[in-house]
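A.B. asks: Here's a structure for you.
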Amino acid sequence: MVMPTDIGVIDLMIGFPIDDRRHYYEFLKPQLHDKESKEDFEFPAQYMFKEPPHFDEHADPIDHLIELMDHYGIAKGMVGAQKVGDQGYNAIKKYPDRFFGSLEIDANRGMAAVRDIVRARDEIGIKAVTAFPAGMNPQVPINDKKMFPIYAKCVELDIPICCCAGVPGPRVPFAPQYVGLIDEVCWYFPELKFVTRHGCEPWADLAAKLLLKWPNLYYSTSAFAPKHYPKDIINFANTRGADKVMYAGYFPMGLSLDRIFTEMPNVPFRDHVWPKFLSENARRVFKLDEA
């Protein structure tokens, strides 16, 4: 049950150091109603995180992130890469062996969102699509018909979708992310690689049942400090789910890499789970060893 330190970690949610965290959440402003979220918080889920990291705004964010990844043994990180010329795209071009891209979609855009996926695959070589159902405006439930063209295109291109599930941290309604909605999606799209994000709480027990039920459903640990990983997910990984659970962080949005990797060795994964959790599952699901 000892965490290996030479595994070459794959981080399925990592970003670039910035001094102003509000940058990540501009899209959410129209949905926020309470005063703290709109005026006082540095970021909408601030009440959930203690001492989020801050940085020297003059440091080169891409090179600084590489230094941090080297320090903590992170071999590759998935970064948002929306279009040619943005920071994620530049990082992938500069360090193609260290970064791979994902595209965040808004299902309200219909076929324009579908075309964006094809464009990003062709231009940037994205390895995944990401979605925040409760963060879209208007919100789009996980099993909504607006999502179906997105799912179909992911199947066609054989790339996973990483989708937030469970009660969101920002103070917006949670109904679009009820974990039970995933069941219909997996039934209708059995070839779709569906990777949950952000914990699935308070339905982690239901998530474990669905992970066992559906072959192409996976779980990532994004936005959760290791000491808060749901017990149902740890138990699932240690029993029948070693191939279904993957590491994802939340740096720099809410967690420091120091906190993550200080707490990580205390997670009670069995020996055979660690390499799968930290690297092997992500390499397989996201086809990271393929050009």
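A.B. asks: Could you list all residues from segment 123-139 that are crowded, with 21+ Cβ neighbours inside 10 Å and assigned to a helix (DSSP H, G or I)?
C.D. replies: Residues satisfying the conditions are PRO133, ALA134, GLY135.
A.B. asks: Moving to a separate point now. Restricting segment 223-241 to residues that are within 17 Å of the chain's Cα centre (by Cα) and part of a helix (DSSP H, G or I), which is nearest to LEU206 (Cα to Cα)?
C.D. replies: Filtering first and then ranking leaves ILE233.
A.B. asks: Something else: Look at segment 60-86 and say how many of its residues are surrounded by 14 or more Cβ atoms within 10 Å (Cβ to Cβ), over 17 Å from the mean Cα position of the chain (by Cα) and part of a loop (DSSP other than H, G, I, E, B).
C.D. replies: Number satisfying all stated conditions: 2.
A.B. asks: Which of the residues that make up segment 242-259 are in contact with a helix residue (DSSP H, G or I) (Cβ under 6 Å, 6 or more places away or on another chain) and either surrounded by 21 or more Cβ atoms within 10 Å (Cβ to Cβ) or not in a loop (DSSP other than H, G, I, E, B) (or both)?
C.D. replies: Passing the criteria: LYS244, VAL245, MET246, TYR247, GLY249, PHE251, MET253, LEU257.
A.B. asks: Which one of these does ARG22 not meet: (1) touching a Leu at 6+ places or on another chain (Cβ under 8 Å); (2) surrounded by fewer than 19 Cβ atoms within 10 Å (Cβ to Cβ)?
C.D. replies: ARG22 satisfies every listed condition except (1).
A.B. asks: Follow-up question, since we're still on this one. Report, by residue number, each residue of segment 1-22 that is touching a Phe, Trp or Tyr at 6+ places or on another chain (Cβ under 9 Å) and either in a helix (DSSP H, G or I) or at pLDDT below 85 (or both).
C.D. replies: Passing the criteria: MET1, ILE18, ASP19, ARG21, ARG22.
A.B. asks: Is at least one residue of segment 211-224 in contact with a His (Cβ under 8 Å, 6 or more places away or on another chain), at pLDDT 95 or above and among the aromatic types (Phe, Trp, Tyr)?
C.D. replies: Within segment 211-224, one or more residues are in contact with a His (Cβ under 8 Å, 6 or more places away or on another chain), at pLDDT 95 or above and among the aromatic types (Phe, Trp, Tyr).
A.B. asks: Another question about this same structure. Quick one: which of VAL195, VAL185 is touching a strand residue (DSSP E or B) at 6+ places or on another chain (Cβ under 9 Å), in contact (Cβ under 8 Å) with a residue 12 or more places away in the chain and in a strand (DSSP E or B)?
C.D. replies: Going through VAL195, VAL185 in turn, just one is touching a strand residue (DSSP E or B) at 6+ places or on another chain (Cβ under 9 Å), in contact (Cβ under 8 Å) with a residue 12 or more places away in the chain and in a strand (DSSP E or B): VAL195.
A.B. asks: Residues of segment 103-122 being in contact with a helix residue (DSSP H, G or I) (Cβ under 8 Å, 6 or more places away or on another chain) and either in a helix (DSSP H, G or I) or buried (at least 23 other Cβ atoms within 10 Å of the Cβ) (or both), which ones?
C.D. replies: LEU103, ILE105, ALA107, ASN108, ARG109, MET111, ALA113, VAL114, ASP116, ILE117, VAL118, ARG121
A.B. asks: What residue, of LEU212, LEU206, LEU217, is within 29 Å of MET3 (Cα to Cα), touching a residue at least 24 places away in the same chain (Cβ under 8 Å), surrounded by fewer than 22 Cβ atoms within 10 Å (Cβ to Cβ) and touching a strand residue (DSSP E or B) at 6+ places or on another chain (Cβ under 7 Å)?
C.D. replies: LEU217
Quick grid of which residues meet (1) under 26 Å from SER279 (Cβ atoms); (2) in contact (Cβ under 8 Å) with a residue 24 or more places away in the chain:
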| position | (1), (2) |
| --- | --- |
| VAL2 | yes, yes |
| THR5 | yes, yes |
| GLY8 | yes, yes |
| MET13 | yes, yes |
| PRO17 | yes, yes |
| ARG22 | no, no |
| LEU28 | no, yes |
| PRO44 | no, yes |
| HIS54 | no, yes |
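A.B. asks: Right, here's the next one. Are any of the residues in segment 235-252 of a type outside the set (Gly, Ala, Ser), under 30 Å from ARG22 (Cβ atoms), touching a residue at least 12 places away in the same chain (Cβ under 8 Å) and touching a Gly at 6+ places or on another chain (Cβ under 8 Å)?
C.D. replies: yes
A.B. asks: Can you tell me which residue within segment 217-241, out of those that are of a type in the set (A, V, I, L, M) and in contact with a helix residue (DSSP H, G or I) (Cβ under 8 Å, 6 or more places away or on another chain), is nearest to PHE189 (Cα to Cα)?
C.D. replies: LEU217
The values are calculated or read from the model by the stated rules, or taken from the named source; none is laboratory data. Computed from a predicted structure; not experimentally measured. Cβ coordinates were reconstructed from backbone atoms using ideal geometry, including for glycine residues, and neighbour counts include every protein chain displayed.
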